[in-house]
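S.K.: Shown below is the structure under consideration.
What follows is calculated from the coordinates using simple rules that are stated; it is not laboratory data. Bear in mind that the values here come from a model prediction, so they are computed numbers and not experimental data. Quick reminder, even Gly has a Cβ in these numbers, built from the backbone with ideal geometry, and neighbours come from all protein chains shown.
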Amino acid sequence: MINQADHQVPANGYAMKPPSLRTARRIARLTQRELADLAGVDDSFISLLESGKRDIFSTDYGTVVKIARALNVTPDELFPVADAAEQGAR
């Protein structure tokens, strides 16, 4: 189980990176540019997500869905931290 506290924005201002985005991309044997093209986003956006410099919680859900579809996974599989945050809010 993922601990919500492990996915808070740290003091340096960067968000914690989604634990499986880079892994899913590598399993799909895609470069960041290829994934970005398939998802209809800029490759620098993928880089920011993977590095944790872009907070996944501030990312439009439609964009998350596009990235997940490009990787042939569900948004929940791609960004399981969202499930942990939702469970913590209950």
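S.K.: Can you work out ³J(HN,Hα) from phi for every residue in region 32-44, in order, using Karplus 6.51 cos²θ - 1.76 cosθ + 1.60 and θ = phi - 60°, giving whole Hz and x for Gly and Pro?
M.R.: Result, rounded to whole Hz: 4, 5, 5, 4, 4, 4, 5, 8, x, 10, 7, 5, 5.
S.K.: Loop-only trypsin sites (Lys or Arg not before Pro) in region 46-80, please: DSSP not H, G, I, E or B, and at most 10 other Cβ atoms within 10 Å.
M.R.: none
S.K.: For D55, list long-range residues whose amide hydrogen, built 1.01 Å from N in the peptide plane, is under 5 Å from its own amide hydrogen.
M.R.: Hits under the 5 Å cutoff: A15.
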